[in-house]
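The values are calculated or read from the model by the stated rules, or taken from the named source; none is laboratory data. Quick caveat, the model's predicted, so the values are computed rather than measured. Cβ sites come from the backbone with ideal geometry, for glycine too, and all protein chains shown count toward neighbours. Surface accessibility is based on the protein's heavy atoms, side chains included, excluding ligands, DNA and RNA. Shrake-Rupley method; radii C 1.70, N 1.55, O 1.52, S 1.80 Å.
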Protein chains: 2
Amino acid sequence: MTSDRAYHHGDLRRAVLTAALDVIRTEGPAALSLRDLARRAGVSHAAPAHHFKDRTGLLTAVAAEGYALFADTLAAAPDLRERGVAYVRFATTHPAHFQVMFQPDLYRTDDPDLLAAKDRATAELRAGVATLAPTGAPRLTGIAAWSLAHGFATLLLSGNLTDAVGDRDAEEVFREVGRLLFTPGRD
Amino acid sequence: MTSDRAYHHGDLRRAVLTAALDVIRTEGPAALSLRDLARRAGVSHAAPAHHFKDRTGLLTAVAAEGYALFADTLAAAPDLRERGVAYVRFATTHPAHFQVMFQPDLYRTDDPDLLAAKDRATAELRAGVATLAPTGAPRLTGIAAWSLAHGFATLLLSGNLTDAVGDRDAEEVFREVGRLLFTPGRD
DNA sequence: CGCGGGATCTAGTCGTTGACAAGTTCGCGG
DNA sequence: CCGCGAACTTGTCAACGACTAGATCCCGCG
């Protein structure tokens, strides 16, 4: 179903998107080529453009899908702590999405679909902070938690934490980090 | 001095590097074109290649210079807290360097100059953690501090913290965040 | 049944880029 | 003054993004 149909591909959009995620994950967004993706899908070099308009359009679609998945992942976690873990888990399970999402110069930041998905993710993020934040500074706590999770996830993906984590599970390490900083007695 | 010389440019390497940093800062690493940089410097399209070999070589040079500057910045800060602030300050004052440094798929990670500079920066980072870490888990504290600073800096550069910070100074906000998480009584 | 229209894909082309090769100019030491 | 290497130029090729025009298919409507 995902592959060979005679003329109409069936679901070329998804095929190209999936292939793009594969390339981004293994070689980075810079290595992305519409023509290469077309070859992988077995279609002509201009076929992907019909679904994504542009190379930028493709990356915009990746970012939009990423934010949508991200919002779902966050929504599934109960409190702030688990939401942080979910943040890190999303980065490891969807590295390509994550990588593109936080490089706004790669895509169109004014895309309607993208904005909707991003707003949803942001709302989930804020809701997470609301479950904690007993001390007077919810905004500051939010920035702190977000920075911690995002920094951990980013360093993890860029390979700067491989020796620090070792052969342990990254999520478990992050859980300990969160426990270290966010449990001085209150909570 | 920086511009017109007859045949020999004088310091084309630096001129190209500076122009590259300018492009990366304003349009991102993806928009980087050797031919465009050559045009800006007023030299032929192949001149930059003589100094950097490759597009990848140019980005490797950017990353190497970035890590060197980064190590200097960190070394100038006394304790862990100030080192965190210095981390954020580096990201805001050298956004192009920072952006490239933490995208290893853009450059050659086995370059000798790069490795030397990165090792120096890593050593400074570790030394910073050594000044604090009174509780039993220095490694975990290090990961926490690094993640916090790196996450804050990254989110700041990607524009995800602009409304949260508002018109205040980013460094000052980060100082408060650090105070919030790293001062439960000890220190 | 067939036919028309829109969505999907193909084929061809143009300007730009990265990479490479070979030649040219410059400066500097012997 | 000469030659030798570094710095730079000119020319070229394959690949890519973007665009256009046209072919093919699917689907509903008469």
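Worth a mention:
- Probe 1.4 Å - accessible area at residue B:176, Å² to nearest ten: 50 Å²
- In degrees, nearest ten, helix B:170-182 long axis to first principal axis of chain B (Cα): 40 degrees
- The alpha carbons of the protein assembly as shown stretch over 61, 61, 42 Å along the principal axes, in descending order.
- Leading residue at positive end of dipole, region B:53-182 (Cβ point charges), from B:160, B:130, B:63: B:130
- Rounded to 0.05, the FRET efficiency of the residue A:126 and residue B:49 pair, given R0 = 35 Å and the Cβ-Cβ distance, is 0.10.
- The HN-Hα couplings worked out from phi for region A:40-48 by the Karplus form 6.51 cos²θ - 1.76 cosθ + 1.60 (θ = phi - 60°) are 4, 7, x, 10, 6, 5, 9, 4, x Hz, whole numbers, x standing for Gly and Pro.
- For residue B:101, net neighbour charge (Lys/Arg +1, Asp/Glu -1) across residues whose Cβ lies under 11 Å away: 0
- Whole-Hz Karplus values for region B:56-68 come out as 4, x, 4, 5, 5, 5, 4, 5, 4, 4, x, 5, 5 Hz, taken residue by residue from phi with 6.51 cos²θ - 1.76 cosθ + 1.60 and θ = phi - 60°; glycine and proline positions read x.
- Net charge dipole size for region A:59-187 [Lys, Arg +1 and Asp, Glu -1 on Cβ; Debye, nearest 20]: 420 debye
- A probe of 1.4 angstrom, applied to the heavy atoms of all protein chains, finds residue B:113 with accessible area near 110 square angstrom.
- Residue among A:88, A:177, A:62 with the largest mean-square fluctuation in a Gaussian network model of chain A, springs linking Cα atoms under 10 Å: A:177
- Max mean-square fluctuation residue, GNM over chain A, Cα-Cα springs under 10 Å, options A:71, A:117, A:137: A:137
- Rounded if a/c under 1.5, otherwise prolate or oblate - chain B, Cα gyration tensor axes: prolate
- The simple spin-label model puts a point 7 Å past each Cα toward its Cβ; for residue B:33 and residue A:139 those points are separated by 4.2 nm.
- Mean per-residue shielding of peptide A:151-158 is 6, counting Cβ atoms of other chains within 10 Å of each Cβ.
- Per residue, chain A reaches -22000 deg cm²/dmol at 222 nm when only DSSP H runs of four or more residues are counted, each adding -39500 (n - 2.57).
- Choice from B:94, B:150, B:50 with maximal GNM fluctuation in chain B (Cα, 10 Å cutoff): B:50
- Reducing region B:56-122 and region A:50-73 to their Cα centroids gives an inter-centroid distance of 30 Å.
- Each Lys and Arg adds +1 at its Cβ and each Asp and Glu adds -1 at its Cβ; summed about the Cα centre, region A:16-134 shows a dipole of about 180 debye.
- Which of A:100, A:129 is most accessible, then next, and so on - probe 1.4 Å: A:129, A:100
- Accessible-area rank, largest first, for A:126, A:40, B:108: A:126, A:40, B:108, with all protein chains present and a 1.4 angstrom probe.
- A Förster radius of 30 Å combined with the Cβ-Cβ distance from residue B:14 to residue A:119 puts the calculated FRET efficiency at roughly 0.10.
- If only the Cβ of Lys and Arg carry +1 and only the Cβ of Asp and Glu carry -1, the dipole of the protein assembly as shown around its Cα centre is close to 300 debye.
- Of the chymotrypsin sites (Phe, Trp or Tyr not before Pro) found in region A:1-106, the ones in coil according to DSSP and having at most 11 other Cβ atoms within 10 Å of their Cβ are A:7.
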